[in-house]
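The values are calculated or read from the model by the stated rules, or taken from the named source; none is laboratory data. Predicted model only: the values in this text are computed from it and were never measured. Please note: Cβ atoms are built from the backbone with ideal geometry, for glycine as well, and neighbour counts cover all protein chains shown. Accessible surface areas use protein heavy atoms only, side chains included; no ligands, DNA or RNA. Shrake-Rupley method; radii C 1.70, N 1.55, O 1.52, S 1.80 Å.
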Amino acid sequence: MRPTRRGMAVLGLCVLLVGFGQWAGYPLLRALGGISLAAVLAAVALTARPVRVTVTRAVYPDRVERGKPALARLRVRNPTAHRQPAFLATDTAGEAEQTVRVRPSALRAESTYHYELATPVRGELTVGPLLLHRVDPFGLTTNRLPTGDTAILKVYPRQFPARALVGAHPRHHHEGAATDEALRGSIDLRDVREYQPGDEVRHLHWKATARTGRLMVRDLADPQQPRFTVLLDTRRGSLASDTFEEAVDVAASLLGSSARAGQHTRLVTSSGLDVPTPGGSQASRSLLDELCVLQQSGDARDAVVPPALAASRGFGGCLAVITSPGPELTSMAWLRQRYSSIFMFVLGGSGREAHAVAGARMVGADNAAHAVRRWNEVLG
């Protein structure tokens with residue numbers, strides 16, 4: 001139990017009123033000082049009793065889009081044989097707070113409360129611990145007790161309804177050299193590699209296993225399956241912080257629609273992050289998990305295309321580059337030789353001030369919703 005700022009001010013006023021009233025001979029001031037002191041003592045008596053309850057909190061779902069609230073369920077149980085007075089429970093999610101007023105509980109009683117947690121920013125937010133506190137009606141003293149475990153709430157970027165590419169593009173011929181990285185899970189034998197947890201047992205290569213003494217599996221790929229790659233400009237200073245959040249929303253919208261459509265989908269950033277996925281709902285979650293914690297890094301003078309992507313043989317299919325207007329776009333014309341189609345999303349302007357890239361479709365937009373809408377118009 002401790003006094004609040006208001007309580008400290010009232011206590012100081014008590015001393016001044018009593019002291020000045022005694023010195024100047026004003027009984028009224030002494031009476032006001034005594035009344036104020038009695039109020040502080042009464043507040044201490046009301047809040048001195050500790051909060052003796054068992055509290056559990058559950059947050060669901062554990063993944064939400066930015067701007068959409070997460071729901072929390074608070075269960076309060078009185079394990080004592082005495083009635084528990086009312087108190088307040090304050091929960092935090094990042095910097096946002098939510099306070100719930102818990103009603104008085106009878107002996108051995110249990111009650112449930114529901115409330116929303118605001119998610120104004122993207123990222124992994126730490127929820128909790130809960131802060132139980134009892135205050136007097138005048139807010140002079142408070143009795144606080146941190147309790148409960150913390151939880152991690154993943155706030156995903158916003159996703160707008162985006163169309164997925166339809167159709168496939170041949171990426172190599174059986175008699176020619178491969179033009180892409182090895183992808184797993186289809187029909188053409190591309191390589192024999194060491195077994196990794198999660199690989200199909202039916203793809204084991206027994207001859208290579210006997211020869212090397214280690215479990216070896218066939219690496220398979222489908223040359224006709226569509227591929228979709230998003231290159232996100234994460235250079236610090238290239239995009240303003242608000243515009244960068246819009247760029248992440250665009251990437252989440254395009255990657256999510258492609259992965260859910262079952263296409264091989266890949267996320268690449270200027271900072272060197274490279275996340276290839278085989279498509280599907282689990283792949284969509286993996287990509288969103290990466291975008292959830294993605295931050296700007298590096299320098300605006302660095303290259304948009306990371307060295308790993310520039311040195312690789314490509315992923316094939318369609319490439320979507322999300323960046324800002326700048327002369328460095330002209331240096332990416334060589335990507336046209338590795339991808340069947342390229343879209344350049346230029347955020348923060350209409351796109352007319354951006355330097356055109358030969359063979360690429362320029363999509364200028366003011367925000368994520370505008371960019372996705374124009375993308376849907378292009379795909380028809």
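Among the residues of region 338-358, is any among the basic types (Lys, Arg) and either modelled with pLDDT under 65 or under 30 Å from the mean Cα position of the chain (by Cα) (or both)? Within region 338-358 (the criterion being among the basic types (Lys, Arg) and either modelled with pLDDT under 65 or under 30 Å from the mean Cα position of the chain (by Cα) (or both)), the answer is yes, since at least one residue qualifies.
On the basis of being outside any strand (DSSP E or B) and at pLDDT below 85, does Pro161 make the cut? Answer is no for this residue. Considering the conditions (1) open to solvent by less than 20 Å² (accessible area, probe 1.4 Å); (2) more than 17 Å from the chain's Cα centre (by Cα), Ala93 is excluded by exactly one of them, (2).
Condition (residue is open to solvent by 20 Å² or more (accessible area, probe 1.4 Å) and among the hydrophobic types (A, V, I, L, M, F, W, C)) applied to region 250-267: is it met by at least one residue? Let's see the steps before the verdict.
So in region 250-267, the residues open to solvent by 20 Å² or more (accessible area, probe 1.4 Å) come out as 260-262.
Then keep just the ones that are among the hydrophobic types (A, V, I, L, M, F, W, C); that gives 261.
Within region 250-267 (the criterion being open to solvent by 20 Å² or more (accessible area, probe 1.4 Å) and among the hydrophobic types (A, V, I, L, M, F, W, C)), the answer is yes, since at least one residue qualifies.
Evaluation of Arg83 against the conditions (1) exposed (fewer than 15 other Cβ atoms within 10 Å of the Cβ); (2) under 29 Å from the mean Cα position of the chain (by Cα); (3) more than 20 Å from Gln159 (Cβ to Cβ); (4) not aliphatic (A, V, I, L, M) shows that the sole unmet condition is (2).
A single entry from Ala38, Ala42 fulfils the requirement of being assigned to a helix (DSSP H, G or I), in contact (Cβ under 8 Å) with a residue 24 or more places away in the chain, small (Gly, Ala, Ser) and out of contact with any Leu (no Cβ under 6 Å at 6 or more places or on another chain): Ala42.
Counting just the residues of region 56-76 that are in a strand (DSSP E or B) and among the charged types (D, E, K, R), which one comes out most open to solvent (accessible area, probe 1.4 Å)? Out of the qualifying residues, it is Arg75. Listed by first and then second residue, the pairs linking a residue in region 228-248 that is on the phi > 0 side of the Ramachandran plot to a residue that is part of a loop (DSSP other than H, G, I, E, B) and among the small types (Gly, Ala, Ser), with Cβ atoms under 9 Å apart and 6 or more places separating them unless they lie on different chains, are Gly237/Gly298; Gly237/Ala300. Restricting region 195-209 to residues that are more than 19 Å from Pro278 (Cα to Cα) and not hydrophobic (A, V, I, L, M, F, W, C) leaves a set whose member that is surrounded by the most Cβ atoms within 10 Å (Cβ to Cβ) is His205.
Of the listed requirements (1) surrounded by 16 or more Cβ atoms within 10 Å (Cβ to Cβ); (2) modelled with pLDDT of 85 or more, Ile152 misses just one: (1).
Quick one: which of Pro50, Pro79 is in contact (Cβ under 8 Å) with a residue 40 or more places away in the chain, more than 30 Å from Phe160 (Cα to Cα) and in a loop (DSSP other than H, G, I, E, B)?
On the way: Pro79 fails: in contact (Cβ under 8 Å) with a residue 40 or more places away in the chain.
The unique qualifying residue is Pro50.
Pull up region 274-300, narrow it to residues that are free of Cβ contacts under 8 Å to residues at least 24 places away in the same chain and not in a helix (DSSP H, G or I), then point me to the one that is nearest to Leu347 (Cα to Cα). Among them, the one singled out is Val275. Just one of the numbered conditions (1) touching a strand residue (DSSP E or B) at 6+ places or on another chain (Cβ under 6 Å); (2) at pLDDT 80 or above; (3) within 29 Å of Gly123 (Cβ to Cβ); (4) not in a strand (DSSP E or B) is not true of Ile322: (4). Give the residues of region 87-104 that are in contact with a strand residue (DSSP E or B) (Cβ under 6 Å, 6 or more places away or on another chain) and in a loop (DSSP other than H, G, I, E, B), sorted by residue number. Scanning region 87-104 gives a single hit, Gly94. Taking Leu125, is it open to solvent by less than 60 Å² (accessible area, probe 1.4 Å) and modelled with pLDDT of 90 or more? Yes: the conditions hold for Leu125. No other residue among Val53, Val100 is within 35 Å of the chain's Cα centre (by Cα) and over 17 Å from Val127 (Cα atoms) apart from Val53.
Out of Gln196, Gln225, report the one residue that is under 28 Å from Leu288 (Cβ atoms) and either among the aromatic types (Phe, Trp, Tyr) or modelled with pLDDT under 70 (or both).
Values: Gln196 fails: either among the aromatic types (Phe, Trp, Tyr) or modelled with pLDDT under 70 (or both).
Residue meeting the stated conditions: Gln225.
Restricting region 105-122 to residues that are of a type in the set (Ser, Thr, Tyr) and either in contact with a helix residue (DSSP H, G or I) (Cβ under 8 Å, 6 or more places away or on another chain) or not in a loop (DSSP other than H, G, I, E, B) (or both), the residue that is surrounded by the most Cβ atoms within 10 Å (Cβ to Cβ) is Ser105.
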